[in-house]
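Asks: Quick one: the structure is below, and I'll ask about it shortly.
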Amino acid sequence: MRACIHILSRELVSRGFGLLERFSIELKRFDGRLQAQAREVYDTGDGAAILLYDPTRSTVILVRQFRLPPYLKEGCDSLIEVCAGRLEGSDPETRIVHETEEETGFRVRHPRRLFAGYTSPGAFCEKITFFVAEYCAADRVGAGGGLEHEGEDIEILEPTLEEALAMIERGEIFDAKTILLLHYAKLAGLMSADSGAS
């Protein structure tokens with residue numbers, strides 16, 4: 001662990017969807033030398049993500065929606081993802097239950113926390129808490145689709161886990177949090193009747 005990190009200056013560059021700040025820092029390298037660095041950090045708040053799965057039918061719930069960065073980078077007009085959202089002052093479990101019903105129309109009964117982590121720590125402050133939860137057709141309590149006044153226009157998908165994994169292989173799913181949770185579901189055997197993950 002580094003013993004010497006000094007923040008020399010901190011400048012607010014932009015305040016919009018999140019905070020963009022420019023930092024000048026000095027840190028002690030592992031060999032003991034001091035080095036000055038300049039970094040920009042974007043903070044949009046922490047988030048939560050969840051994979052809903054039905055072990056009896058081997059299906060999962062995913063959503064498809066427009067994301068500007070993939071469109072700008074490679075012309076992709078939509079992204080397939082697990083349900084996710086910013087915490088906005090709530091704890092992760094409370095927020096993901098609300099976000100799931102809002103986006104997918106499914107009521108989450110027993111979200112199970114897996115872990116939390118940074119997805120792009122070189123520039124982004126966001127830390128995501130990951131969940132899984134079983135669902136069945138009876139848990140559908142609304143249409144989903146997100147909130148139009150927030151610019152959301154969400155399509156709900158229900159592939160099998162194997163179909164979703166094949167979509168990763170074909171390059172149709174390339175969202176990191178979604179890839180992580182789908183592979184977790186496969187490795188953890190969530191689709192087994194005796195998985196005990198409810």
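The values are calculated or read from the model by the stated rules, or taken from the named source; none is laboratory data. Remember, it's a predicted structure, so these values are computed and weren't measured experimentally. Methodologically, a virtual Cβ is constructed for each residue, glycine included, from the backbone with ideal geometry; neighbour enumeration extends over all protein chains shown.
Asks: Would a scan of the range 125-135 turn up a residue that is part of a loop (DSSP other than H, G, I, E, B), among the hydroxyl-bearing types (Ser, Thr, Tyr) and either without any contact (Cβ under 8 Å) to a residue 40 or more places away in the chain or under 30 Å from ILE7 (Cα atoms) (or both)?
Replies: Scanning the range 125-135 turns up no residue that is part of a loop (DSSP other than H, G, I, E, B), among the hydroxyl-bearing types (Ser, Thr, Tyr) and either without any contact (Cβ under 8 Å) to a residue 40 or more places away in the chain or under 30 Å from ILE7 (Cα atoms) (or both).
Asks: In the range 102-122, how many residues are over 16 Å from the mean Cα position of the chain (by Cα) and touching a residue at least 12 places away in the same chain (Cβ under 8 Å)?
Replies: 6
Conditions tested, residue by residue: (1) touching a Gly at 6+ places or on another chain (Cβ under 8 Å); (2) closer than 13 Å to ALA84 by Cα.
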position: VAL97; (1), (2): no, yes
position: THR100; (1), (2): no, yes
position: THR104; (1), (2): yes, yes
position: HIS110; (1), (2): no, no
position: PRO121; (1), (2): no, no
position: ILE128; (1), (2): yes, yes
position: GLY142; (1), (2): yes, no
position: GLU150; (1), (2): no, no
position: PRO159; (1), (2): no, no
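Asks: Next question. Kindly indicate whether any position in the range 47-55 is outside any strand (DSSP E or B) and either surrounded by fewer than 16 Cβ atoms within 10 Å (Cβ to Cβ) or not assigned by TED's automatic domain parsing to the domain that holds LEU180 (or both).
Replies: Checking the range 47-55: not a single residue is outside any strand (DSSP E or B) and either surrounded by fewer than 16 Cβ atoms within 10 Å (Cβ to Cβ) or not assigned by TED's automatic domain parsing to the domain that holds LEU180 (or both).
Asks: Between GLY85, GLY89, which is outside any helix (DSSP H, G or I), out of contact with any Pro (no Cβ under 7 Å at 6 or more places or on another chain), without any contact (Cβ under 8 Å) to a residue 40 or more places away in the chain and farther than 22 Å from LEU182 by Cβ?
Replies: GLY89
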